[in-house]
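Each remark here refers to the structure printed beneath this line.
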Amino acid sequence: MRLVQTGDQQAYTRLLDRHLDRVHAYIFRMTNNRADAEDIAQETFLRVWRRARTFQPGRVRFTTWLHRIAHNLCVDAFRKRRDTVDTKIDAMADGAPTADELSAAEERRRAVHAGIAALPERQRSALVLCQLQGRSNREAAEIIGVSVHALESLIARARRTLKTRLQNYMNLEGA
Amino acid sequence: MTNEEFAERLDRYGANLDDWPREGRAAGQAFAKTDPGGRQLEAARAFDALLSETLVVPEPIGLRQRILANAHSRKDPMDLVSWLVGPLWRPIALAAAPLAVGFTLGFTYPETHSLEEAVAVIAFSEIEEVNGAGSEEGL
C-alpha cells in the first residue's frame, strides 16, 4: 500500500489482484445484484487509488479501510435506490414463479437471497462480513462503525430472523 | 450452561465453537455433547451450510480491466486537498511559490525604469507606432 500511495501503478495492480474477488463478493452479497456489485466494486477500487494518500497505516488495517469504503458505498447505494429496490422486491413477489416451477435448489437459493436482502442494512452487513467473508468480529465492527458487542448483537438478531424464515429450507437441507 | 445461553452464544459467535471467546468456550463445548446441545449445534451448522452453499458469487467479467483502465485515466479533485494535508512543507511551499515568483520578477526588472517611465513607454509606444505607420504611408 505504501507503494500505491506513491502512485506506483504496478503495486496498485497487485493490490487489485489480491483483494478484488473478496471485496466484490462482499458487495454482491450485500446488494444481490450483479451490475450494482460491479459498479460499486469499481468505485471502491478507484477511491483506493485516488485517495491512497489519506490511508494511514498505523491507525487502521488496509483490509478494514478497504471494506469500509465498500460498505459506505453500499449504504449510499441503498439510500439512493431504496424506493426502486422496494418496488423491485414487490414486483418480484407478485410475479415470482411458484414453488412447483422451480427446482428445490433454486427455490432455496432464492429464499436465502430474499431473506438476507430483507434484513436491516447493518444486520445484513454484520452477517455477511463475519459469516461469509470470514472477517473477525472486531474488524467487522470497525468496518460498520459499531462496538464489538453491538456487532455481535446484530449478528445474533440476523441469524435468529433468518433461521425462522428459512426453517423449511433447513429441513430440506437435512432431508 | 442452559439451553437458552447456548442458543444465544451460537447466534452470536457461530457454530464453530473454536471461534467462541475463551470465556465460556469450555462450557459450550461440554454442553454441545449433551442431546439438546448437540441438536442445537447441528441446526446451527445446517444453517451455516445453507448460507455458504446458496450464496454463490458470480465471477465479475472484465471488472479488473475496467478498474485499471479507469484508475489510470481519472484524476480526483480531492488529490490537491489530500496532497496539501500531507507533510507541513507542502502548504508552506504552495504559499511561498507566488512570493518567490514576485521576488524573481522584481529583481530581474531593469532598475533604470521607474514606474512612470514604464507607464510612459506603454502609453506612447502605440502612438509612435501609429505616427510611424502614417509617415511611412505618406512616403
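The values are calculated or read from the model by the stated rules, or taken from the named source; none is laboratory data. Since we're looking at a predicted model, the values are computed, not measured. Don't worry about glycine lacking a Cβ; one is built from the backbone with ideal geometry, like all the others, and counts go over all protein chains shown.
So that you can scan it fast, the table gives a plain yes or no per residue for (1) basic (Lys, Arg); (2) more than 44 Å from the chain's Cα centre (by Cα):
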| site | (1), (2) |
| --- | --- |
| B:Ala15 | no, no |
| B:Asp19 | no, no |
| B:Gly24 | no, no |
| B:Phe31 | no, yes |
| B:Pro36 | no, yes |
| B:Arg39 | yes, yes |
| B:Glu42 | no, yes |
| B:Glu59 | no, no |
| B:Leu63 | no, no |
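Any residue in region A:71-91 that is within 30 Å of A:Leu15 (Cβ to Cβ) and at pLDDT below 80? It would help to see each step written out before you state the result.
Residues of region A:71-91 within 30 Å of A:Leu15 (Cβ to Cβ): A:71-81.
Remaining after also requiring at pLDDT below 80: A:81.
Within region A:71-91, one or more residues are within 30 Å of A:Leu15 (Cβ to Cβ) and at pLDDT below 80.
Taking the criterion of being aliphatic (A, V, I, L, M) and crowded, with 21+ Cβ neighbours inside 10 Å, the residues of region A:113-143 that qualify are A:Ile116, A:Ala126, A:Leu127, A:Val128, A:Leu129, A:Ala140, A:Ala141, A:Ile143.
Of B:Leu94, B:Leu99, B:Leu115, all but one fail to be modelled with pLDDT of 75 or more, more than 30 Å from A:Thr13 (Cα to Cα) and exposed (fewer than 11 other Cβ atoms within 10 Å of the Cβ); the exception is B:Leu99. Name every residue in region A:49-66 that is more than 18 Å from A:Leu129 (Cβ to Cβ) and at pLDDT 90 or above, in order of residue number. Answer for region A:49-66, where residues must be more than 18 Å from A:Leu129 (Cβ to Cβ) and at pLDDT 90 or above: just A:Trp49.
Contact map, region B:47-72: residues that are more than 7 Å from chain A (Cβ to nearest Cβ) and under 17 Å from A:Arg22 (Cα atoms) paired with residues that are in a loop (DSSP other than H, G, I, E, B) and modelled with pLDDT of 90 or more, Cβ distance under 6 Å, separation 6+ or inter-chain. No pairs are found.
Picking from residues in region B:19-42 that are basic (Lys, Arg) and in a loop (DSSP other than H, G, I, E, B), the one that is surrounded by the fewest Cβ atoms within 10 Å (Cβ to Cβ) is B:Arg22. Would it be correct to say that B:Glu23 is at pLDDT 90 or above and more than 23 Å from A:His24 (Cβ to Cβ)? Considered against the rule, which asks whether it is at pLDDT 90 or above and more than 23 Å from A:His24 (Cβ to Cβ), B:Glu23 comes out as no.
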